[in-house]
Each structure stands twice: as C-alpha cells, then as structure tokens.
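So the structure is just underneath, and the comments pick up after that.
The values are calculated or read from the model by the stated rules, or taken from the named source; none is laboratory data. The shown structure was predicted, so the numbers you read here are calculated from the model rather than taken from an experiment. Glycine also receives a Cβ, built like all others from the backbone with ideal geometry; neighbour counts cover every protein chain displayed.
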Amino acid sequence: MQEANCPRWETEIKKIARLSLEKSIKDYFQEKGITDLYPPQQAAIKAGVLDGNNIVLAIPTASGKTLIAELCMLKAIVEEGGKALYLCPLRALASEKYDEFRPYSNLGVNVGITTGDYDTTEEKYGAYDLLICTNERADSLLRHRAKWMSDIAIVIADEVHLINDPGRGPTLEVVLARLRQITPNAQILALSATVDNADELAEWIDGTAVVSDWRPVTLREGVYHDGRVYFDEGEEEKYVPATSFPIGDITRRVLKKKGQLLAFLNTRRSAVRTAQKLSSITAPRLSQKEQSQLGELAENLLHLGEVTQVTENLSRLLRAGVAFHHAGLRYSERKLIEEAFRNNFIKAVCATPTLAAGMNLPARVVVIQEYRRFDRIEGYKPIPVLEYKQMAGRAGRPKYDTTGTAILIARNEGEREFLLDYYTHGTPESIISKLASESALRSHVLSTIAMNYASDKAGIMDFIQQTFFGHQRDPDEVEYMIDLIVQFLKDEKLLEQQNKRLFATSYGRRVSQLYVDPKSAVVLRDGLAKAMKQLEHTTDVSYLHLISHTPDMPNLYLRRGEDERFHDYVIEHIDEFLTPIPDPRIHRERYEFFLAEVKTALLAKAWIEELPEDQLINQFKIGSGDLLRLVDTQKWLIYACHELAPIFGYRTVVPELEELELRIRYGVRRELTDLVELQGIGRVRARFLFRAGFISKNRIRDAPLAQLAAVPTIGPQIAHSIKQQCGGIIKPEEEQALKDTRRQTTRQTQLFLD
C-alpha cells in the first residue's frame, strides 16, 4: 500500500472554499449549501484524494463518500479535461446517481448513463464527460474495446464491498483490474461501508485506505425485547404498553415524536403483511393536508403501468401513510415510494434488504425484524455483520436528526444478549473475492483472449493476478483453476490453440461480445442444432425452454403441488424440447429443475400471448418487477440465439428467433409486431389499435387523424405522432381540429380544477 505524499494538505482544511479547486466547482457546492467538510472527508483530502491518489474510502452511510467522489470527478473533468466513469452495482442506484449528477451541466459537464444493452459499443458514450453505468455494462464496453475508455481519468467504484457478493462481485473486480490495465494512470476511488480489510483492498489498487466510524448523526444500536429497547452500557427505553407486534410498538413511539420508520423484513410477504398491519397505526395520525398529498400520490401510482392487485394494495396503503418496498415492484413504483418517503409524506416503509444496497433512504428509526435468513443449503443462518451494519446505517437523517436509532427484534432473553454482542458490538467481515466461481472465471477468461487482452495462458495468469482474487489466492491454486477453464473452452470450440498461443474462434469471440456465460452458449448451440433437425416440431416454447435451460436464466421456483401440472405439460409436448429430459425415476432432483425451467418458459409464453399482467402475477406468484427482469433476460438470450445461429449455418431459424425477440420485448402476439415498433405504442395501445381495424402501419398512415384519436388510450397527441411515424400526411384542417381539441380539453381541465 502506498503512503500518500500530499504536502498541500499539511494544514487541516474544514471548508470547501479553502480547497485548491477551480472557483466554479467550489461555487457549485456552496450554492447547494454545502460548505463544510466532515472529518472523514478531511482525512481523504489529507490522504491525497485530490492529488490523484488511489483511495479506498471506507466510512459509514451518510458520512460523505459521494461528496469526495464529486470533488474528484469535477476536478478531473473541469480542471484537467479528463473523463470520469462512475460504477454502480444496481440499475436503480445508477439512475439515482444520474439524477443527482445531472446538475453538473451548470458547469458545462456532459453527464450520461448506460445500464442496458450488452451487445453494443455505443461510441456516442465517449462524448460524455461523466458516464454512470452498472458494473456489467462497463464490462461489456470493455469487451467491445470501446476506444474512448482509454481516456478515463478517474474511476469511482461505488459499494466496492460488494466484491464480497457471489453474484455481483466477480464482475466488479474484473472491471477494476481491466480498467487499471488499459488506463494505468487513472485514479481509482473505491467507496465502501466500513469493512475489516480496507487496507487489503487499498493495497490491491496501490492506494491508501481512509477508514472511519464517524457519522454526522449519532447512531444508537439496540435490541427490543418484551416492551423495552436495550442499548449499550445498560441504557434502556420502555415502550408501554408492549404488544405482540413489536414493530407496531416502535412505530407508535416514532410517530409520536414526528419521525419516520424504516423496517427491514426478510421476505416480500412479510413486508406487505407488516405494512398492512402498520396502516391502522399510521392512518389516524395523518393531518388533513397529509391525507390529501398521499391521496394524490396513490392516484399517480395507478398510472405508472398496468394496474394489478399489487399496485391497488400499495395504493391503498399509501393513502394510510405506509408502503412496502421490494424488488417485485416496478422501478417507477419503487422510485415513487422512495421520493415520497424522503419528502416525509410516507411515515413508514416496510422493505426487504435489497433497499439497503446503496439507496439513499434514511429514517430516524430503522428496525430489523429478523437476523436470520433461509439458505437452501444451510437452512436458517445469521446474516453477516456487514449486512446488518448496512441496514442499521440508514438510521438518522442528516440535517434533520441529531440521533438515529437502529433496533433489532429479540424473541427471548438469550437472543437479546446474543444480538447485542454479535451485531451491535460486532465488526463487519473481511471482503473475500468470489471470482473463484467457475461460471465467473469461464466468462472472464474467454473475454481476456477474445478481446486480445492476452494471447496465451501466461497472459491470462498475468491478468488474473491483477484481480482481487489473484491478490488474495495462492498462484498455484489460481493456475490450476485457469487450466481447467481453458481446457473447457478448447473442448467446446470457443478457443483454439496453436503451439502456446490461444485464439478465440468466431464463435468464442461472439459469445464474449454477447455477454453470455460460455456454458450458456454451449446449451444454445446444441439446442439450435437439434432445432434444425426437427423444425416441424419446433414451437415458441422450444426456444423459450432452451434459454431457460442456460445458467444465465434465473428460473422461477417450483412451488408445492406444481410438479404434476408441469409434468403433464412435458408429456403432452415431449417432442418440442431441444434439451435432454431427465428421467424422473433416476434423477428426481434434476427433473424438478427441468420442470422449473418449463415453468419459466410457460411464463414467457403467457407474456407473449398477452395475458394481463395481474393474471401473470397471480398465476406464477411473481411481482411486476420480477416479470420485467425475467423478460429482459429472455429477450437478451433469444437475441444471443439468433446472433449465434448464423455462425453454425443455422440461418433457417433466424427470422423466427428475431420475431420471437420482438414479441418478448413487448409481450405481444404475432399480429401486433408491426404496431409495437411505433414509438409510444406498447402492447395495450397496439391491441386497441388492432381491434379498431388499424392492423398495420399502412392503415394508420391512411387513416383520418380524428379516427385514430378516438381509439381508446390513443388521443390526439399520440394519433398525431404515430401517423407521422407511418409517413402519413396530416392536412391543415386536421391539424387545426387537433389544436382545438387540445385547447378544449385544457379549458375543461382548468374549469374542473377551479
């Protein structure tokens, strides 16, 4: 780990105005009312963060990590003319940061965001001074060798402790290692919650660790049991009367003191059920003004997408001043809840732990109801201390509260003592690389060769040694794992070897660009080969199950009693499948996984058959957010199918796969594929147009504007737009009639409001 050499900061600096930064940058923050530096921020300055030193900033939530990142980014962009890359673990967090950083335009900084398509270089992103993206999107851009990435002057890795996460961690550390390879002079600023081995992380990036437990709002951590909250050093708070609903007891006290509560529950069902129980506590305590504000929010919620039983329930709870929050909700719904909570409209939010992953949603009191979580292999086990600290760190709103309180719920005396000792006094665990997983290594070893970052095993080893995995593990162990991966890639014709030199085949190169697991690519290749032999039996479900059979597809769980239903479907459609069907008498567990894949495929089939979203949610027991994420993955894997098919000469199936991808994208039957390509027309509007006789773009082009506008959900503005998109000519009298209609609608609305 390098010692910071920073003579400019020998004198302690507590004011932004005294920083050696361009005046426009300092003025920007002062206009926002940000003038002082917190102690951890001062420590980062002393460590040379504004001199370009690599820093791991490991400090609690709300202690000022983002401001340090902003100062460094703006210095690199405004003063030095460089580019900044801001890495986020989640799309939602990337969107939040984009909204937060967009005002940089006042400084002439061009801010962009990309979180989606993995198969495009998008050189246009090189025009941005600051690009915010997910770790996976950054990895995709690196695989496409986006030229502008070599111009990056600073990289911000937000929530870097998620290197410890088996799902997200490997990509993050590979991206950081790759960026250091192609931009060796770029500054790395890694932002983290407090972890046990921040020094080791800093050593890995040749930097300095700045570690602090200072918070702008004092955090009190306690355990609730039998009507009392027990804190350190024997301090207690009594809750009268104690009930069998501890979160309710705590909520009453919080509301009495005009605060807000954030409760973390382990499951979505628990979050919803708890919110419903809290509604009887929050509703009577709302003022008339608050009731009016919440009523408006509840109505807005119902216009964010298809109305389902979930959104109707959430809308009712919003009116009572409470909400649930989990990954099964749409992004727009989660965002509405978060903004309403920040604005103090919602008094209590019941969330699953996904909310703790970086989202800025503090509350005066945070309650963690269950410290154990179910693991399919190990059963119920305690959550990590690091995860608890992430949730507890949401307690206390800067500028509003002087103290935040985090409360665990204990069921008995022994558990109370355990929770106080293990969690409130506990130290967050060390971060351990998860790149050792076979699926992660397969993908990253292939991309290293396919994108010419290395040309032999020695080059692969050199790169892997630059990762946190290589930093932590024994080189002989790493080499053994690399040998196994390279052999698999050669056996499956993704790599070829000539002497010691390794080459990616055209198949391997395309797999890397498509950002699919090489093992998924093997499944797709073999399935497409079978499809070519049995074209007369191939259906939509054939391809939908094929992609569900890949490691990249997060399949639905098979619930109790569902196996018979999906087994019957398999028997009736046995000729349609493109993968081997396990024998249930010999491989019962494998067959159950197969049935789960069938269930996922049938969800996709129901989606493209235009079943209402509410029906899909009830039938398959998922949330709207889950549905959209599954559809996104299915669309990507079907795209990978039709991109790989020509490599093997399977061009016959390409048109069918291209059409299937479009249908998955919009959730429509075949007859609507022409209409949904129009901007502003989703599956609901397309179906209304089709029923009204506008079955093609030509029909829309030739239709009178008034007829189009009369179609339900269309209206004058959309009618005008789609007719123009279809090449239709709008007559002056039609244009005038449209303006008159708009004017009349506006006048009627104003009269109603008055």
Do we find that Asn618 is surrounded by fewer than 14 Cβ atoms within 10 Å (Cβ to Cβ), in contact with a helix residue (DSSP H, G or I) (Cβ under 8 Å, 6 or more places away or on another chain) and in contact (Cβ under 8 Å) with a residue 12 or more places away in the chain in this structure? yes
Which residues, taken from the range 144-196, are assigned to a helix (DSSP H, G or I), of a type in the set (Val, Ile, Thr) and within 29 Å of Gly508 (Cβ to Cβ)? Ile163, Thr171, Val174, Val175, Ile182
Take the conditions buried (at least 19 other Cβ atoms within 10 Å of the Cβ), basic (Lys, Arg) and either touching a residue at least 40 places away in the same chain (Cβ under 8 Å) or in contact with a helix residue (DSSP H, G or I) (Cβ under 9 Å, 6 or more places away or on another chain) (or both) and apply them to Lys605. Does it pass? no
Selection within the range 700-714 - over 18 Å from Val676 (Cβ atoms) and in a helix (DSSP H, G or I): Asp702, Leu705, Ala706, Gln707, Ala709
Quick one: Lys493 ticks every box in (1) assigned to a helix (DSSP H, G or I); (2) modelled with pLDDT of 95 or more; (3) charged (D, E, K, R) except a single one, so which number is it? (1)
Filtering the range 80-114 down to residues that are part of a loop (DSSP other than H, G, I, E, B), out of contact with any Gly (no Cβ under 8 Å at 6 or more places or on another chain) and among the hydrophobic types (A, V, I, L, M, F, W, C) yields Val109
Could you tell me how many of the residues in the range 652-704 are among the small types (Gly, Ala, Ser), modelled with pLDDT of 90 or more and closer than 25 Å to Leu602 by Cα? 2
Does Ala327 satisfy being aliphatic (A, V, I, L, M) and either at pLDDT 95 or above or farther than 30 Å from Ile681 by Cβ (or both)? no
By residue number, the members of the range 255-267 that are more than 16 Å from Ala323 (Cα to Cα) and in a helix (DSSP H, G or I) are Lys256
All but one of (1) under 24 Å from Ile113 (Cα atoms); (2) modelled with pLDDT of 95 or more hold for Leu50; state the number of the condition that does not hold. (1)
Quick check on Ile647: is it touching a helix residue (DSSP H, G or I) at 6+ places or on another chain (Cβ under 7 Å), touching a residue at least 40 places away in the same chain (Cβ under 8 Å) and β-branched (Val, Ile, Thr)? yes
Total residues in the range 197-226, condition under 16 Å from Ala392 (Cβ atoms) and in a strand (DSSP E or B): 7
Looking only at the range 298-323, and only at residues there that are touching a residue at least 40 places away in the same chain (Cβ under 8 Å) and in a helix (DSSP H, G or I), the one that is surrounded by the most Cβ atoms within 10 Å (Cβ to Cβ): Leu317
Determine whether the range 479-498 contains at least one residue that is farther than 30 Å from Asp232 by Cα, of a type outside the set (A, V, I, L, M, F, W, C) and crowded, with 21+ Cβ neighbours inside 10 Å. no
Considering each of Ile377, Ile337 in turn, give the residue that is on the phi < 0 side of the Ramachandran plot, at pLDDT 90 or above and out of contact with any Pro (no Cβ under 7 Å at 6 or more places or on another chain). Ile337
